[in-house]
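Report on the following structure.
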Amino acid sequence: MRYFGCDYYPEHWPEERWAEDARLMREAGFNVVRLGEFAWALLEPQEGRYDFVWLDRAIAILAQQGIQTVLGTPTAVPPPWLVTKHPDILQQDEYRRPRHPGSRRHACANSPVYQEHSRRIVAALASHYAANPQVIGWQIDNEFGCHNTSACYCDHCAAAFRRWLQSRYGHLDALNAAWGTVFWSAVYTAWEQIPLPWAAPAAHNPGLLLDFRRFCTDTWRAYQRLQVDLLRRLNPAWFITHNLMPGFTGLDYFALAADLDVVSWDNYPHGLGSPAAVAFSHDLMYGLKQRPFWVMEQQPGPVNWRPVNIPVPPGQVRLWSHQAIAHGAEGLVYFRWRACRFGQEQYHSGLLQHDGRPDRGYAEAQQVGAELGRLPRLSRPPASVALLFDYEDLWALQLDPHHRDFDYWRLAETLYRRLWAAHVPLDVLPRNADLNGYQVVIAPAPHLIDERQAARWRTFVEEGGRLLLTFRAFVKERSNTWTEQALPAGLHELLGLRVAEYLSIPSEDDRQAYPHHGAGRLVHAALGEPKATYPYRLWAEVLDLSAAQPLLIYADGYYAGTAAATVHRLGRGLACYLGCWLEDPLPPLWEALELERHSLPAAAPPEVEVVRLCDENGRPVLFLLNHAPVPQAVVLDGRYVSLLDGRAVAGQAIIPAGGVWILQETAV
Ligand code: GAL
């Protein structure tokens, strides 16, 4: 990994302390900091009067210890003088109430005044630092969409949305037809009549809602672009990134990433029991550009903003750090250097405590720093299994879930988790990706119809690929209106089936009220009851098979005895369909997809994450990360040497709780 460091706020501490901080950073092995992303009020205390002197000094002091700087453009918080002078830069919520200043992210990206001032501060900063070799790159703004601000409902946005619709549809007739505005008498006769999804008695038109999501992404993408273009012009050698938050689903990250050189993201794991969820985020972030990413904020200990800010056990920060490296991080930056005495995040841990003494996180970061010195330059080999991910499918299903717990993200993560636990490496790709080189492709709920995609999947299968599509496939047009065809539209020949009925399944608690539904169990088609049963929940489809063979059968309910999952052989490959939401392993589907052939050469329990990278010479390097609180046994194929301590390792190995082993295969 090339870059290792922390998010540092020198402006929060007296200048006399900076040299000591820089020294401690060097002792941890750091070579980079991120600075300045919330410092607009200090950098421009009055309109047009800039003060970069303090930042120059901080950058120079860090440079003396060999630490370079990534600067954040400070646009996530406009300074108070700007808001007071131009209150209409404030975002508005669905009730058209301003999002007041006093915290952050309250400015509207469609406000011309805000755009102009953003351009000014970024140009001033970038010209000042263009020739400073210590500044190696930029983070644009900070976490677009954080605190639920990806959508703004102000008049600037209303005007911009109408312009956006005009260029998408050309004519109002086309828009009325696409959205089906004849429903509930919303036929528009002038562009000005079109609302934003302002708070209304009932839901807005789904076509409007989906277009509004697209528009929000285009808004932030254009705002990001405004800054990217300026920075690129002033110094083309800089790399440019933005720190994403995979849990925020308001913006299409594939689109935002397209204009960046490097993706970075902020890793605040949700509890400790979800290493697969963290791995999924890493892989999605890698997948946005199919290249190494940065973790721009790595949790260093407990945070302050969860309902319960659970403790982080010893070893966990190191484990998270190595997990990031294993998934392809080329930069790892801890948030934050030192816990702050004032402001909104006083209980947030840092690598140092409030009093400036190293906390546990510092010791672990320092250990990682030393360990990085023992690793070769690593890269991710391409996987043979791909999971497709699409923000528009996610939004369409969020807008009309048909079951309060239906969640596209969770579905994708659930499928990912199964593969992760079986140590099957995979790439997360956009839905329209080229599938060349992949042998197994899994698409969770590909909801919106795309005929070209259907053709691509068909070729993939005919040429020997193994494809799995799940329920809720190809239901709606891109305008978010229902297809005229039987479901899944245009996929009948590929899958050898149609969907006869779709069912929103009552939860366990509600089950008694729906006795006709049964217990929500499936049986293995080839084995039959009682040898293997699998519970399903949330969603089920009754399938009408034309050419497909059943793999799983509904065991109860009025549709008992019909197929719940199928396989259809076509050409040299096959296409599977999963008709219901399963949380547990899926042996029959697993076998049909031959996933076992793709798992890594270590027999390890699910809690031990196994990841393979390559060194510069293409030699495999195996990461074994024990996420369990107890030691775990792993049986290895082949002979290895531990890169962290030089030990020879072969056969059965016991990895301590929270342990990290990094092994290179040795010639026999
Ligand atoms: C991030 C944010 C940081 C800080 C951090 C606290 O989402 O980018 O500025 O607030 O959360 O965990």
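Observations
- In the stretch 91-149, Cα pairs under 8 Å separated by at least six residues give a relative contact order of 31 percent.
- Per residue value of the accessible surface for the stretch 357-402 (all protein chains in place, 1.4 Å probe), Å²: 41
- Prolate/oblate/rounded label for the stretch 601-665 (Cα gyration tensor, a/c 1.5): prolate
- With contacts taken as Cα pairs under 8 Å at a separation of at least 6 residues, the stretch 601-665 carries a relative contact order of 35 percent.
- Anisotropy class of the chain from Cα gyration tensor, a/c 1.5 cut: oblate
- Amide H contacts for I240 (H built 1.01 Å from N in the peptide plane; partners 5 or more residues away or on another chain; cut-off under 5 Å): W138, D261, V262.
- Across the stretch 89-218, the relative contact order, built from alpha-carbon pairs under 8 Å that are at least six residues apart, equals 26 percent.
- Sequence ranges 307-314, 27-34, 433-440, ranked by mean other-Cβ count within 10 angstrom, highest first: 27-34, 433-440, 307-314
- Of the solvent-accessible surface of the stretch 51-175, computed with a 1.4 Å probe and all protein chains present, 52% belongs to carbon and sulfur.
- About the Cα centre, charge dipole magnitude for the chain (Lys/Arg +1, Asp/Glu -1 at Cβ), debye: 760
- For the stretch 385-597, the carbon plus sulfur part of the accessible surface works out to 47%, probe radius 1.4 Å.
The values are calculated or read from the model by the stated rules, or taken from the named source; none is laboratory data. Keep in mind the model is a prediction, meaning the values are calculated, not measured. Glycine gets a Cβ as well: all are built from the backbone with ideal geometry, and neighbour counts include every protein chain shown. Just the protein is used for accessible areas: all its heavy atoms, side chains included, with ligands, DNA and RNA removed. Shrake-Rupley method; radii C 1.70, N 1.55, O 1.52, S 1.80 Å.
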